[in-house]
Amino acid sequence: MMICGFCGHEFDENQGKRGCGGCHGGCRSIHCPRCNYKNPVEPAFIGKLKTMLKRKTTSGFEDTEKPEDKKTKAS
């Protein structure tokens, strides 16, 4: 998912227009389907980092003990 840097529209990269042909030197950006703003492509390592962080937060590392249980263990 991408968020347009101009209008804030959230869209899938496949919905955006790639390679408009109007940019000099070849367009390597993704244009917003709503406002046609030229958004840069997210580098591959950023996507991998997001995936790793998402996996880490959803893999159950969260503290599931209730505060009351912690107090009784400490006593």
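Would it be correct to say that E65 is modelled with pLDDT under 60 and in a loop (DSSP other than H, G, I, E, B)?
For E65, the condition - modelled with pLDDT under 60 and in a loop (DSSP other than H, G, I, E, B) - is met.
Tell me which residues, restricted to segment 6-20, are in contact with a strand residue (DSSP E or B) (Cβ under 6 Å, 6 or more places away or on another chain), assigned to a loop (DSSP other than H, G, I, E, B) and under 12 Å from R34 (Cβ atoms).
Passing the criteria: only G16.
The values are calculated or read from the model by the stated rules, or taken from the named source; none is laboratory data. Note that the coordinates shown come from a computational prediction; the quantities given were computed from them, not determined experimentally. Positions of Cβ are backbone-derived with ideal geometry, glycine not excepted, and every protein chain shown enters the neighbour counts.
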